[in-house]
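The values are calculated or read from the model by the stated rules, or taken from the named source; none is laboratory data. What you see is a predicted model; the values in this text were computed from it and never measured. Note: ideal-geometry Cβ built from the backbone for every residue, glycine included; neighbour counts use all protein chains shown. SASA here: full protein model, heavy atoms, side chains in, ligands and nucleic acids out. Shrake-Rupley method; radii C 1.70, N 1.55, O 1.52, S 1.80 Å.
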Amino acid sequence: VQLQASGGGSVQAGGSLRLSCAASGSAFSIYDMGWYRQATGNERELVASISSGGDIKYADSVKGRFTISRDRAKKTVFLQMRSLKPEDTGTYYCRASIQIYIYWGQGTQVTVSS
């Protein structure tokens, strides 16, 4: 599977962005999907995930502000981000996984200014 992330940009604190991750290939529905982010000098961290069965998890830092969803027909995963904070700044990556197989999309930059 190949992943194409988009939707990043620069916003002021309190603003919103919607990230999209479009998957190519078949069998999109069987993959667990996730959004990760990496700030400069930091390790990549999980932001939100949605399993093939629809189970959703969020990092504590984004609960109540971010929403992950998937559109199986469009083979796309979304990350709606609201009430953005400067600490949300980073490169956001989409990930697909099944069993031992992991696929990453290219990153999309999110910059939140105060």
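What is the gain in length, in nm to one decimal, between Ser61 and Trp104 on full extension, counting 0.36 nm per residue of separation less the C-alpha to C-alpha distance?
Gain on extension, Ser61 to Trp104, equals 13.2 nm.
Which trypsin sites (Lys or Arg not before Pro) from segment 1-92 combine a DSSP loop assignment with at most 16 other Cβ atoms within 10 Å?
Sites meeting the loop and neighbour criteria: Arg44, Lys63, Arg65, Arg72, Lys74, Arg82.
Please identify every one of the GluC sites (Glu not before Pro) in segment 1-104 that sits in a loop by DSSP and has no more than 13 other beta carbons within 10 Å of its own beta carbon.
Here the GluC sites (Glu not before Pro) that fit, given the DSSP loop and packing criteria, are Glu43.
Accessible surface of Ile30 in the full protein assembly, 1.4 angstrom probe, to the nearest 10 Å²?
Number for this one is 90 Å².
Roll a 1.4 Å probe over the protein chains and send me the accessible area per residue for the chain in Å².
About 53 Å² of surface per residue is accessible.
Could you compute the FRET efficiency for Gln2 and Thr40, with r as their C-beta to C-beta distance and R0 at 30 Å, rounded to 0.05?
My answer for the efficiency is 0.70.
Which net charge results when you count Lys and Arg as +1 and Asp and Glu as -1 among the other residues whose beta-carbon is under 13 Å from that of Ser114?
Value of the local net charge: -1.
Go through Trp35, Trp104 and list them by solvent-accessible area, largest first, probe radius 1.4 Å.
Result, largest first: Trp104, Trp35.
Just to confirm a number: summing +1 for Lys and Arg and -1 for Asp and Glu over residues other than Ser16 whose beta-carbon lies under 14 angstrom from that of Ser16, what do you get?
+3
Under a Cβ-Cβ cut-off of 11 Å, what is the net charge of the residues other than Asp32 that fall near it, where Lys and Arg count +1 and Asp and Glu count -1?
Its environment carries a net charge of +2.
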